[in-house]
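Please find one structure pasted underneath; my questions will follow.
The values are calculated or read from the model by the stated rules, or taken from the named source; none is laboratory data. If you're wondering where the values come from, they're calculated on a predicted model, not measured in any experiment. Quick reminder, even Gly has a Cβ in these numbers, built from the backbone with ideal geometry, and neighbours come from all protein chains shown.
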2 protein chains.
Amino acid sequence: MQTIPSDFAGWMQAHQARVEAALDRALPGADIAPQRLHEAMRYAVLGGGKRIRPLLAYAAGEATDAPADRVDRIGAAVELIHVYSLVHDDLPCMDNDVLRRGKPTVHVQYDDATALLVGDSLQSLAFGVLAGAPVGDSAVLVDMVGRLATAAGSRGMAGGQAVDLASLGKQLSVPELEFMHVHKTGALIRASVLLGAQCGSALDAARMESLDRYAKCIGLAFQVVDDVLDATASTATLGKTAGKDADDNKPTYVSVLGVEAARKFAGQLLDDALTALDKVAGQGGRLAQLGRFIVTREF
Amino acid sequence: MQTIPSDFAGWMQAHQARVEAALDRALPGADIAPQRLHEAMRYAVLGGGKRIRPLLAYAAGEATDAPADRVDRIGAAVELIHVYSLVHDDLPCMDNDVLRRGKPTVHVQYDDATALLVGDSLQSLAFGVLAGAPVGDSAVLVDMVGRLATAAGSRGMAGGQAVDLASLGKQLSVPELEFMHVHKTGALIRASVLLGAQCGSALDAARMESLDRYAKCIGLAFQVVDDVLDATASTATLGKTAGKDADDNKPTYVSVLGVEAARKFAGQLLDDALTALDKVAGQGGRLAQLGRFIVTREF
């Protein structure tokens, strides 16, 4: 049973509520034309998910003394990119999944074309929301736009997804698997941390590098744990179809290392992440708690 | 037979070559992992298309005395958004088309999942390329990112596409048709003009509004002419399947007004665009030529 310090549980809830409100503000109302598209976008985004990426952005913002209201749009932007990727990944031509966050996937609830346009529109919205963030220094904001674009694109998340598709039915080596996950999941998680940190006072190069090291380790650990949970948890707990990786003959850390070694690897990554965090400053407390939560989570 | 002034033809060729080079630089090499995705992105983008949107950006840049090298990334960004929309629109769950720019569409040449990821990656790349534009004033650049995001998203191009899908088999009124096209095609064309203009010296509010009026009229005229060409030109001339709108029972300016009235409407829109342009300044010469080209084009 996972134990979460009560102050941290309260912090998570408060910041999940913050980003939910930011997402609600960012999404066009379902009364605005084209209504069905806007309704489907809201269906995809609101009222579900752990909001791990926004939480990482808020926690990194705290590490550089950024007020939370400066991070709200950053959290919303990274979550919009994440949700767009889920909507497209669930399409029949990709993973063909019917359940997500405990609800029918967008293409099941609406139709394939609408799901395609929902994903496309959420990606545009992410960059629009980011461009409106009250970061203060426009040059920093431009840098953040470039960072998010790289993390989302063919050299980041979408590229990892392409490798994932190409690897179905194949056995991958550990380095190949790491390449896939560092891109598919890691890139956006890393961007979430760095964008959050960029909302506050500038870090020197060494501290920024340590923060990046933390983010890389946590990003990979997140995916290793995801692989373990897919093999060990129930559909009801996950809110998405469990055991799907094995059914799809998809190489994972579990199929390559086995459950126990995968768990151990996630633990090592957490240790590395926490070691890197020690060098950032005294303010990394939430990032450490969040890292432990990500690795020990049960859903 | 369309007559193009020879100096204008030379200008078009030179600037088509400029944006082709900018796109080539922006796209990851096909030797970079994931190779197949990058190869497919290059297949989708390079070596085809009239590059109308980049040309509008260059012409608007000339109207505000922006050097062409400051507009290169703007032209590339709007073209990347346009190409991503074509790749997704051609998918089986949307228009299900097999020919584009005289070549098999991306999902035919590769597969549906790759086409989906190509479109997703091109959209990310567009924002990344824009964020790297040498515009000088970061606050202006941030404004441009927001403008492009709005033009591409659910209240712009993607929203128009949703209306288009919902209207299959229906008869639309002229205002409904205009709503669809102002979004589906008009929003990105308008953004191309305004982003190009923002690369140079700032226009006062009245001139910016006149330029926007030009862009709106040309954007709508572009789509009216597209509807006419779909009904009157050959597949070989268009490089895409002709007569598809009627086959798909899609409402167009031709199905609603008839070919002759649609042509006349495009001519009126051109007149309105040129009248608006008179108020911008003395530098709108290329925009006027380009407007005439868009309305009298035969492919």
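In region B:238-254, how many are in a helix (DSSP H, G or I) and closer than 19 Å to B:His183 by Cα?
3
Evaluate region B:76-85: report whether one residue or more is closer than 23 Å to A:Ala151 by Cβ, touching a Cys at 6+ places or on another chain (Cβ under 8 Å) and crowded, with 21+ Cβ neighbours inside 10 Å.
No, region B:76-85 contains no residue that is closer than 23 Å to A:Ala151 by Cβ, touching a Cys at 6+ places or on another chain (Cβ under 8 Å) and crowded, with 21+ Cβ neighbours inside 10 Å.
For region A:212-259, enumerate the residues that are modelled with pLDDT under 90, under 24 Å from A:Ser192 (Cβ atoms) and of a type in the set (A, V, I, L, M).
Result: A:Ala233, A:Leu238.
Next question. How do the pairs read when you match residues in region A:253-271 that are under 12 Å from A:Gln223 (Cβ atoms) and in contact (Cβ under 8 Å) with a residue 60 or more places away in the chain with residues anywhere that are of a type in the set (D, E, K, R) and part of a helix (DSSP H, G or I), using Cβ under 7 Å and keeping only pairs 6 or more apart or on different chains?
A:Tyr253/A:Asp227
Next question. Could you tell me whether region B:67-85 includes any residue that is in a strand (DSSP E or B), in contact (Cβ under 8 Å) with a residue 40 or more places away in the chain, closer than 25 Å to B:His38 by Cβ and more than 8 Å from chain A (Cβ to nearest Cβ)?
no
Among the residues of region B:14-58, which ones are closer than 20 Å to B:Leu99 by Cβ and either touching a Leu at 6+ places or on another chain (Cβ under 7 Å) or within 14 Å of another protein chain (Cβ to nearest Cβ) (or both)?
Within region B:14-58, B:Glu39, B:Ala40, B:Met41, B:Arg42, B:Tyr43, B:Ala44, B:Val45, B:Leu46 qualify.
Something else now. Among the residues of region A:112-136, write down those that are at the interface with chain B (Cβ under 8 Å from one of its Cβ atoms) and over 24 Å from A:Glu39 (Cα atoms).
none
Just give me the residues in region A:217-237 being assigned to a helix (DSSP H, G or I) and either free of Cβ contacts under 8 Å to residues at least 40 places away in the same chain or hydroxyl-bearing (Ser, Thr, Tyr) (or both), in sequence order.
Across region A:217-237, the qualifying residues are A:Gly219, A:Asp227, A:Val228, A:Asp230, A:Ala231, A:Thr232, A:Thr235, A:Ala236, A:Thr237.
Any idea how many residues of region B:40-64 are within 15 Å of B:Leu211 (Cα to Cα) and outside any helix (DSSP H, G or I)?
Selection size over region B:40-64: 1.
Checking B:Cys199 against (1) more than 7 Å from chain A (Cβ to nearest Cβ); (2) surrounded by fewer than 24 Cβ atoms within 10 Å (Cβ to Cβ); (3) touching a residue at least 60 places away in the same chain (Cβ under 8 Å), only one condition comes out false. Which one?
So B:Cys199 meets the others, but not (2).
Still on this model: Tell me the residue from B:Ser138, B:Ser124 that is surrounded by 24 or more Cβ atoms within 10 Å (Cβ to Cβ), of a type in the set (S, T, N, Q) and more than 21 Å from B:Thr235 (Cβ to Cβ), please.
B:Ser124
Same structure again: On the given criteria, is B:Ser192 of a type in the set (Gly, Ala, Ser), more than 18 Å from B:Phe265 (Cβ to Cβ), in contact with a helix residue (DSSP H, G or I) (Cβ under 9 Å, 6 or more places away or on another chain) and surrounded by fewer than 24 Cβ atoms within 10 Å (Cβ to Cβ)?
no
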